[in-house]
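Remarks on the structure that follows.
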Ligand code: ADP
Ligand code: ZN
């Protein structure tokens with residue numbers, strides 16, 4: 001037996017072959033962590049492939065040691081890991097870490113076991129009397145234990161808390177032979193103690209039925225099924241369709257994977273899935289970045305062992321070790337949070353499509369505002385399109401009013417009178433309002449009126465944001481913060497002007513305008529306390545809050561029937577960023593945010609404040625016209641050679657030395673021109689839009705071409721042949737989302 005091993009310290013990610021001594025054979029599998037001899041010492045590596053070939057192993061060195069038990073990575077996931085490393089230009093080690101998370105790697109996080117106590121013997125009358133005389137506390141403990149009934153082991157600590165008898169007394173009881181204390185494995189359940197009220201399948205409307213039939217057909221014959229793109233307006237009942245598709249899958253004895261953006265992994269979403277399937281013999285596992293290592297490990301093994309057949313998770317869950325998958329559902333498929341912004345820079349939506357093809361299983365991408373990539377695939381017949389154009393029960397789409405802020409006379413007005421009046425009206429009617437602004441802090445810049453100096457981050461090329469509650473200036477890129485100066489740090493003049501509005505200022509203004517209203521702000525600053533998010537949403541749901549102000553944290557997935565008004569404080573924020581997707585993002589955000597209004601019986605209203613009222617994103621969003629928006633946006637993309645018509649790759653070089661970063665970027669751009677594959681164009685190196693971040697100078701080289709694979713291959717080959725100085729770091733991003 002022979003294995004291919006990758007070693008993190010070896011350049012170029014090529015694997016090395018080793019022989020496996022007979023004694024270790026049982027424990028070696030793809031994903032095993034092994035120590036192998038390299039030059040004259042032992043090095044840690046990961047097995048990526050196992051070959052049975054007996055004869056060929058004779059000239060190879062032996063593996064020295066295997067760490068832990070065989071990890072059992074399914075061959076399909078192994079295949080995905082290799083694909084990820086190849087396509088996203090990532091070291092195979094990093095890709096392996098996705099399919100085999102650290103929490104799972106043999107032995108790195110242990111199973112949790114706690115002391116349990118079992119009732120073993122109940123004394124007869126005489127025995128009771130004896131015990132009561134000799135050890136009255138133990139007698140009391142035995143009574144308590146008997147009172148718990150049954151012979152199932154009970155966690156000792158829990159029993160002690162419940163009965164008020166100390167753990168030591170119970171242990172004494174065990175020592176005297178009346179009970180037995182044993183250490184048993186327990187599951188760390190992220191939803192410990194929560195109860196879900198079972199829900200029934202709803203009777204679907206015509207559009208839902210059609211969507212379900214299409215998905216079912218793909219589930220039944222996954223070999224030749226196309227990915228299904230469900231374009232359904234907010235509130236059209238997509239989730240209900242997913243739930244019923246999952247029921248079909250379970251009926252076939254298969255499993256289901258549901259991906260949602262991290263931000264939508266609210267208790268509300270999880271609850272809908274748990275509640276529907278809580279009464280069945282299927283486990284629902286949750287995977288997201290806020291799990292503890294222990295919870296993650298336990299959820300992973302529940303999935304791996306088949307005890308959980310439904311997995312709901314954020315992007316990393318695309319690697320969940322489910323067996324016999326029937327369907328993968330990607331909700332809000334356009335979301336940027338599916339893209340991992342560190343190596344490997346994969347897009348979980350794209351991997352879902354890939355995995356579905358390999359399994360094979362059905363794959364469903366759903367959104368009210370599909371990404372133009374997916375929409376284009378639907379137009380060209382690569383995906384199967386299903387449309388759900390109406391809200392459930394014929395609820396109307398909210399009315400969007402565009403407020404032209406230029407008419408307010410150039411003042412930096414925060415609230416147009418029409419929006420203020422609408423809020424007043426809602427307060428009087430005891431209906432709820434959501435105000436949205438995708439920018440936290442109080443003011444986004446602080447400028448001296450005398451010398452013009454703007455307070456900048458010392459580490460990044462951005463202005464510092466003023467946070468009034470903590471009286472600090474802070475950087476949203478690197479986290480730097482300093483006490484807010486009373487006068488200009490450059491010229492000591494006292495005339496400092498704050499400009500640019502953040503959520504704190506909105507809150508402040510709202511409190512002044514509506515002193516009796518119950519107002520809560522929801523952003524990364526105010527929600528840092530554990531459970532704060534959950535509690536606030538709970539309070540909002542039961543009507544204890546009149547006005548909820550927030551960043552994108554409140555834009556998605558929330559379903560509150562009493563919200564009848566949504567105000568978008570500044571719709572232009574995302575429009576003026578250097579990104580060809582700026583228009584698409586703005587359209588998506590406006591549609592998603594306005595989707596929060598009018599989900600109950602009362603019609604919703606949305607006010608959009610803007611200084612560019614005629615920009616296409618705003619106009620098409622206003623008319624709920626996704627197709628119109630997509631058509632004109634695709635024309636622009638096609639004319640200028642942007643995705644989805646071309647694939648893109650972005651290489652970012654960073655260094656603490658400006659000269660070296662610049663020089664290496666120029667050299668790389670020049671080398672990339674050599675042997676450029678057919679149809680590929682390579683731009684010149686240039687400072688990144690965010691020219692400096694976290695003390696690093698940043699330069700970029702962008703490439704475009706007909707296929708992502710060809711771009712990746714060319715970039716990898718060029719980089720392999722171009723040694724970089726030690727303090728220059730290169731990040732390759734294939735199909736990038738953020739261009740900063
Ligand atoms: P989406 O995921 O498209 O935003 P949801 O699935 O959340 O829409 O549905 C919106 C609301 O309508 C939810 O409260 C849901 O329970 C309800 N709903 C969905 N389908 C039906 C149906 N067929 N009949 C009645 N109510 C439904
Ligand atoms: Zn900074």
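Rg/Rh for segment 206-394 (Cα atoms only, Rh after Kirkwood) is 0.94. Out of all DSSP beta bridges in the chain, what portion is antiparallel? Express it as a percent rounded to 5. The answer is about 55 percent antiparallel.
Tell me, rounded to the nearest percent, the portion of alpha carbon pairs in the chain spaced more than 40 Å apart. Of all Cα-Cα distances in the chain, 44 percent exceed 40 Å.
Between the C-alpha center of segment 530-574 and that of segment 122-161 there is a gap of 51 Å.
Hey, could you get me the Stokes-Einstein D for segment 426-500, Kirkwood radius over alpha-carbon pairs, 37 °C and 0.692 mPa s, rounded to whole µm² s⁻¹? The Stokes-Einstein estimate is 241 µm²/s. Going from the fewest other Cβ atoms within 10 Å to the most, the residues 670, 529, 272 appear in the order 529, 670, 272. Think of it as helices only: each DSSP H run of n ≥ 4 in the chain is worth -39500 (n - 2.57), and spread over all residues that comes to -9500 deg cm²/dmol at 222 nm. Neighbour counts of other Cβ atoms within 10 Å put 374, 278, 113, 685 in the fewest-to-most order 113, 278, 685, 374. For the listed peptides 717-723, 648-654, 99-105, a ranking on the average number of other beta carbons within 10 Å per residue, highest first, reads 648-654, 99-105, 717-723. The relative contact order of the chain comes to 10 percent, based on Cα pairs under 8 Å that sit 6 or more residues apart. Listing 527, 96 from fewest to most neighbouring C-beta atoms within 10 Å gives 527, 96.
Centroid-to-centroid, using Cα positions, segment 214-239 and segment 299-361 are 16 Å apart.
Rule-based calculations on the coordinates, nothing more; no lab input. All figures in this text were calculated on a predicted structure; none of them were measured in a lab. Here the Cβ is made from the backbone with ideal geometry for all residues, glycine too, and neighbour counts use every protein chain on show.
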